[in-house]
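Nothing in this text is a laboratory measurement; each read-out follows from the coordinates by a stated rule. All figures in this text were calculated on a predicted structure; none of them were measured in a lab.
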Amino acid sequence: MTFSCRLDQAQIAVLEALDPGGVLAVDSLAKSAALTLWRTRSAVSKLSSRGLIMGRKRGGRGMWEITDRGRRTLSARGRYYR
């Protein structure tokens, strides 16, 4: 499987929603990023597989947070795709 090195708009929106340091569930990410649940889940899956976000369990829910690699990627690449 090949991965594109480009971030799409949904991925950038998810990274930006997590960038302040929050830990959010997919439904909260969708609201913060103004995306549908489907697009949010797709972006989360892609970002997670690339190591840009990391999942955790809290209260039985899957929660997501940005990694240091995700922050570096957002600052280096995200600004070109906004």
Subject >> Estimated translational D of the chain in µm²/s (Stokes, Kirkwood radius over Cα pairs; 10 °C; 1.306 mPa s) >> reply: 128 µm²/s
Original post:
In terms of modelled amide H atoms, which long-range or inter-chain residues lie less than 5 Å from the amide H of MET63?
Top reply: ARG56, LYS57, ARG58
Original post:
Which residue, VAL26, VAL14, VAL44, tops the fluctuation ranking in a GNM of the chain built on C-alpha contacts under 10 Å?
Top reply: VAL26
Subject >> Sequence-separation-based contact order of the chain, relative, with Cα cut under 8 Å and 6+ spacing, percent >> reply: 36 percent
